[in-house]
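Below is one structure; the comments refer to it alone.
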Amino acid sequence: MRAHASGAMRFSANPDYDFVIRTVIGHTVAGAAEIGEVLAATAHVAQHDHQAWFAAWDGLAERVASQGEAAAAAGHRYSASQAYLRAAVYSGIAVDAMSALAESDDLASVTGVFRRHRAAWEAFVALGPARAERMDIPFELGSLSGYLFRPAQERATGATLVAVNGSDGSLASLWATCAQPALARGFNVLLFDGPGQQSQLFERNVPFRPDWENVLTPVYDYLSRQQGVDPSRICLYGVSQGGYWVARAIAFEYRFAVAVTDPGIVDVAASWVTQLPKSLVALLDAGKHAQFDREMALGLRLSPTTERTWRFRARPYGTDGYAATIEAVRTYTVASVAHQIRTPLLIIDPEDEPFWPGQAEELASLTAAVSKRIAFADADGAGGHCEPLARAQVSERAFDWIEDTLDARLGPVPER
């Protein structure tokens, strides 16, 4: 469960911190970060000082949000929106950092940071350059909160991108990763929190679930009825663990026009189990869960860094006990259903993928009749999980493929 960043340059001696910094720097392409303020805020954080890591991002978010408030008060709407967007990205990282600290066992501590994050995001939505509508998508006995962004009228194509987040990303980060480039090409974009993500976890205590066909089917049903949305041109884009949720959903739900997974994922649990000693895996496989839990508890007491990672990564699954968590994660696989996928699928495959190495190629093999795999290389600065320093390259190739595939299947969008 450790991040890895390809390339010689390092922004932190801690590989997880380094990966986060790279990811945020990559958001500068979409105007969602400023390199100087990010590097200045994190430069003096020691390798294992997680409290300082949280404070750096939380403090930066507060300062930049204050800049947004001042700009808004002075009537500078665009400057305010940009500052609020950056603040939302930075405070989204603070939410993740707090989620790994021991005080986050009292969920109220995380919820407070999350609400500051969401306030900055809401301010960006209200002032930002894209028209936006709040969405409450009917879902089982409740709803999923989301935002439907619409492009400038002269660019609108009727095509709509449904962006699916990973296990820990914020909507602000998702905006930078795929929403902003989609809007620039004339797509509508839906951003929403699914089970276990952001508002669903921190405000409603709803955990992850593996069966995302039962999440994305009601999303499609609701979205297809919205004005300006062409039901035949609704597309999916899954980021990080969202790659699993997208692949799982389209094995059952065939109405989405095309789908993208970045990266391709077959078995989510691989990123957990490969980090465990073989002796612990043997206990798990033998069903000796009580002994597994005892040994895991001892091991985590001896490794505070691993303990923080576990706390952060395990919480959204809503399980009690270490073995119960791993067994839950093991149900997040498409190995037995990938052959059912009929939707044209683009699988992004970065070199040096740390969490799910080789799985993009495996998913491509399981879906050979309908998928295309695109590799991204370290030599182009595009390696690593979700290609953090190559977002322009990825967006260009992914959205060119989406547009070409839509046109080939449905014909070009008529001139308006």
For this session: Could you list, in sequence order, all residues of segment 259-283 that are among the hydrophobic types (A, V, I, L, M, F, W, C), without any contact (Cβ under 8 Å) to a residue 60 or more places away in the chain and either over 21 Å from Trp356 (Cα atoms) or in contact with a Lys or Arg (Cβ under 9 Å, 6 or more places away or on another chain) (or both)?
Result: Val273, Ala282, Leu283
For this session: Look through segment 152-165, keep the residues that are touching a Gly at 6+ places or on another chain (Cβ under 6 Å) and surrounded by 21 or more Cβ atoms within 10 Å (Cβ to Cβ), and return whichever of them is farthest from Ala32 (Cα to Cα).
Result: Val164
For this session: Would you mind finding the one in Arg116, Arg77, Arg86, Arg150 that is under 22 Å from Asp16 (Cβ atoms) and out of contact with any Pro (no Cβ under 9 Å at 6 or more places or on another chain)?
Result: Arg86
Exercise. Looking at segment 141-150, is at least one residue in a helix (DSSP H, G or I), of a type outside the set (D, E, K, R) and open to solvent by less than 30 Å² (accessible area, probe 1.4 Å)?
Worked result: no
Problem set entry | Condition met for Ala46 (without any contact (Cβ under 8 Å) to a residue 24 or more places away in the chain and on the phi < 0 side of the Ramachandran plot) | yes
Exercise. When you look at Arg233, is it at pLDDT 95 or above, of a type outside the set (Ser, Thr, Tyr) and over 29 Å from Val113 (Cα atoms), yes or no?
Worked result: yes
For this session: Run Gln82 past the list (1) within 30 Å of Pro304 (Cβ to Cβ); (2) open to solvent by 20 Å² or more (accessible area, probe 1.4 Å); (3) touching a residue at least 40 places away in the same chain (Cβ under 8 Å) and report the number of the one that doesn't hold.
Result: (1)
Seminar exercise, completed: Checking Ala375, Ala382, Ala335 in turn, the sole residue that is surrounded by 16 or more Cβ atoms within 10 Å (Cβ to Cβ), in contact with a strand residue (DSSP E or B) (Cβ under 8 Å, 6 or more places away or on another chain) and farther than 23 Å from Thr160 by Cβ turns out to be Ala382
For this session: Hey, can you tell me all the residues within segment 329-369 that are β-branched (Val, Ile, Thr) and either closer than 17 Å to Pro388 by Cβ or in contact with a helix residue (DSSP H, G or I) (Cβ under 9 Å, 6 or more places away or on another chain) (or both)?
Result: Val329, Thr333, Val334, Val337, Ile341, Thr343, Ile347, Ile348, Thr367
For this session: Take Arg185 and decide whether it is open to solvent by 20 Å² or more (accessible area, probe 1.4 Å), under 23 Å from Leu406 (Cα atoms) and in contact with a strand residue (DSSP E or B) (Cβ under 8 Å, 6 or more places away or on another chain).
Result: no
Seminar exercise, completed: Among residues of segment 397-416 being open to solvent by 30 Å² or more (accessible area, probe 1.4 Å) and free of Cβ contacts under 8 Å to residues at least 40 places away in the same chain, the residue nearest to the chain's Cα centre (by Cα) is Arg397
Exercise. Condition test on Ala179, is it within 30 Å of Gly318 (Cβ to Cβ) and either in contact with a helix residue (DSSP H, G or I) (Cβ under 7 Å, 6 or more places away or on another chain) or not in a helix (DSSP H, G or I) (or both)?
Worked result: no
For this session: Would you please list the contacts, defined by Cβ atoms under 7 Å and residues six or more apart or on different chains, that run from a residue in segment 111-133 that is farther than 17 Å from Arg150 by Cα and open to solvent by 60 Å² or more (accessible area, probe 1.4 Å) to a residue that is at pLDDT 95 or above and in a strand (DSSP E or B)?
Result: none
For this session: Could you check how many residues of segment 216-271 are open to solvent by less than 10 Å² (accessible area, probe 1.4 Å), of a type in the set (Phe, Trp, Tyr) and not in a loop (DSSP other than H, G, I, E, B)?
Result: 3
For this session: Could you identify the single residue in Phe11, Phe19 that is outside any helix (DSSP H, G or I), within 25 Å of Gly383 (Cβ to Cβ) and open to solvent by 10 Å² or more (accessible area, probe 1.4 Å)?
Result: Phe11
Problem set entry | Subset of segment 273-315 [open to solvent by less than 40 Å² (accessible area, probe 1.4 Å), over 22 Å from the mean Cα position of the chain (by Cα) and closer than 30 Å to Thr111 by Cα] | Met296, Ala297, Gly299, Leu300, Ser303, Thr305
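The values are calculated or read from the model by the stated rules, or taken from the named source; none is laboratory data. Small disclaimer: the values here were computed from a predicted structure and weren't measured. Backbone-built Cβ (ideal geometry, glycine too); neighbour counts: all protein chains shown. We work out accessible area using only protein heavy atoms, side chains counted, and drop any ligands, DNA or RNA first. Shrake-Rupley method; radii C 1.70, N 1.55, O 1.52, S 1.80 Å.
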